[in-house]
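Engineer: Handing you a structure now.
The values are calculated or read from the model by the stated rules, or taken from the named source; none is laboratory data. Note that this is a predicted model, so its numbers are computed, not measured. Because the Cβ atoms are built from the backbone with ideal geometry, glycine has one as well, and the counts that use them run over all protein chains shown.
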Amino acid sequence: MMLINFSKDRGYAQYNGLITEAYEYAIKMLKVPCKDVEVNLSYVSGRQIRILNREHRNKDRITDVLSFPNLLEYGVENEQLIANRITKANYPNDINLDTNNIMLGDICICKKVVKKQAKEYGNSMEREMVYMAVHGLLHLLGYDHILEEDKRHMREMEEKILKHINLERK
């Protein structure tokens, strides 16, 4: 079963249930063979995400979400390959010994930017927060949006997942 380690931010805990539901559906939809996976998800300030963005991406600016994939460090870059290869046999060094789950990575979501974008795009805070969490998970699984075709595919996956939990775009 999927484990999500949420940061202890009382103001955003209300989204944790929907994020969990979205993540569990994503793992099922993408046919990830091992369901015993784990993600760390933190709600961070604008200052914190700017520092992380600068340190890890060399971009000195605030952003909405950052993902730090664990499994990609081993050179697996194609999202289908990643989804199909996530088994304990393939990633024995990435198993959390306390939980016996495969650690997919870390996701940081900037509260300030998500609030601003929800307003800007006319979305509920709930939809925008879950969208950012799903976006981050897909990055952990190898999806990206550098090429237009990849961006389109990633957006389709995001919308399918959000639709499943009744948070589709209006």
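Engineer: Among the residues in region 26-44, are any within 28 Å of Arg152 (Cα to Cα), in contact with a Pro (Cβ under 9 Å, 6 or more places away or on another chain) and at pLDDT below 95? Before you say what the answer is, go through the steps one by one.
Structural biologist: Of the residues in region 26-44, the ones within 28 Å of Arg152 (Cα to Cα) are 26-35, 37-44.
Of the ones still in play, those that are also in contact with a Pro (Cβ under 9 Å, 6 or more places away or on another chain) are none.
Among the residues of region 26-44, not one is within 28 Å of Arg152 (Cα to Cα), in contact with a Pro (Cβ under 9 Å, 6 or more places away or on another chain) and at pLDDT below 95, which makes the answer no.
Engineer: Return the total of residues in region 148-170 being assigned to a loop (DSSP other than H, G, I, E, B), surrounded by 16 or more Cβ atoms within 10 Å (Cβ to Cβ) and not β-branched (Val, Ile, Thr).
Structural biologist: So the answer is 1.
Engineer: I've got another one for you. Taking Leu138 as meeting all but one of (1) in contact (Cβ under 8 Å) with a residue 24 or more places away in the chain; (2) assigned to a loop (DSSP other than H, G, I, E, B), write down the number of the exception.
Structural biologist: Result: Leu138 passes all but (2).
Engineer: Next up: Condition test on Met132, is it touching a helix residue (DSSP H, G or I) at 6+ places or on another chain (Cβ under 9 Å), in a helix (DSSP H, G or I) and over 20 Å from Ile86 (Cβ atoms)?
Structural biologist: On the way: touching a helix residue (DSSP H, G or I) at 6+ places or on another chain (Cβ under 9 Å): yes; in a helix (DSSP H, G or I): yes; over 20 Å from Ile86 (Cβ atoms): yes.
Criteria met by Met132.
Engineer: Residue by residue through region 1-21, note down the ones that are surrounded by 16 or more Cβ atoms within 10 Å (Cβ to Cβ), of a type in the set (Ser, Thr, Tyr) and touching a residue at least 24 places away in the same chain (Cβ under 8 Å).
Structural biologist: If the condition is that a residue be surrounded by 16 or more Cβ atoms within 10 Å (Cβ to Cβ), of a type in the set (Ser, Thr, Tyr) and touching a residue at least 24 places away in the same chain (Cβ under 8 Å), then Tyr12, Tyr15 are the ones that fit.
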